[in-house]
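Enquirer: Mind looking over this structure? Questions follow.
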Amino acid sequence: MNRISPNRLPAWCQAGLIICILLSTGSPACIAAQKNAQEIKRGTDVMTEQTNPNIGKKFPEVTAESLAKVQESIPDSCRGKVTLIAVAFLRENQSQLDSWLEPFIKKFGGQENFTFYEVPMISSGYKFMRFIIDNGMRGGLPEFKHKHVVTIYGDVQSYIDALNLDPRLGYAFLLDTKGIIRWQGQGFSTQETLDELFSMAAKLAQ
């Protein structure tokens with residue numbers, strides 16, 4: 001089989017790559033983000049209700065098939081559970097997302113009232129390659145995560161606008177049992193911000 005050149009396809013198309021991101025490729029926002037990616041320094045930020053209008057807002061609907069080939073509609077699919085959703089636009093932000101997701105899964109993964117989703121969001125221009133992309137992601141992720149990865153192929157700008165996101169950063173959104181955003185982090189986690197995340201998650205589950 002001929003090798004696909006990385007210059008022709010986004011890096012997330014390569015088999016074996018672990019994808020835990022929401023990715024927009026081909027959009028003006030993504031192009032600008034790629035040009036400025038190197039400007040982002042390692043760091044973190046936590047948004048509160050006083051500083052972020054997203055707090056108290058229902059997470060925008062994401063309806064698509066998971067890597068487990070099950071139709072999901074977020075946030076309805078996670079209704080009744082406290083949910084962490086990881087969002088990013090660049091492959092380089094994978095480590096940022098892992099810094100939130102992995103500790104969350106380790107602490108709450110075995111509890112029925114908690115869950116998480118990774119939402120790769122890809123430009124509709126790559127929809128014809130969905131089979132290749134999805135199979136590449138399946139090959140790079142442990143099977144238990146397949147049902148938690150929901151990929152959108154379509155209009156990603158609407159999500160950027162709705163959540164007022166900087167596409168150069170990775171994001172973590174904590175939703176309550178009704179799908180309302182109650183906490184938001186961005187960039188890399190720290191022990192302090194993880195403690196805040198865990199505390200809020202436990203509070204929402206009461």
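Bear in mind that the values in this text are calculations on the coordinates, not laboratory data. Quick caveat: nothing in here was measured; it's all calculated off a predicted structure. All Cβ positions, even for glycine, are placed from backbone atoms using ideal geometry, and neighbour counts span all protein chains on display.
Enquirer: Among rounded, prolate and oblate, which fits the stretch 80-186 when a ≥ b ≥ c are the square roots of the eigenvalues of its C-alpha gyration tensor, a/c under 1.5 means rounded, and a/b larger than b/c means prolate?
Expert: Oblate shape, in that a/c is at least 1.5 and b/c is the bigger or equal ratio.
Enquirer: In what order do 131, 116 fall by count of nearby beta-carbon atoms within 10 Å, going from fewest to most? Walk me through the intermediate numbers first.
Expert: Numbers: 131 8, 116 22.
The fewest-first ordering by Cβ neighbours comes to 131, 116.
Enquirer: Beyond a 18 Å Cα-Cα separation, which of these cross-linked pairs lie in this structure: 106/145; 69/145; 178/203; 57/106?
Expert: 57/106
Enquirer: Taking θ = phi - 60°, what integer Hz values does the Karplus form 6.51 cos²θ - 1.76 cosθ + 1.60 yield along the stretch 55-72, in sequence order, with x for Gly and Pro?
Expert: Running phi through 6.51 cos²θ - 1.76 cosθ + 1.60 with θ = phi - 60° gives 5, x, 9, 6, 5, x, 5, 10, 10, 5, 8, 7, 5, 7, 6, 10, 5, 10 Hz.
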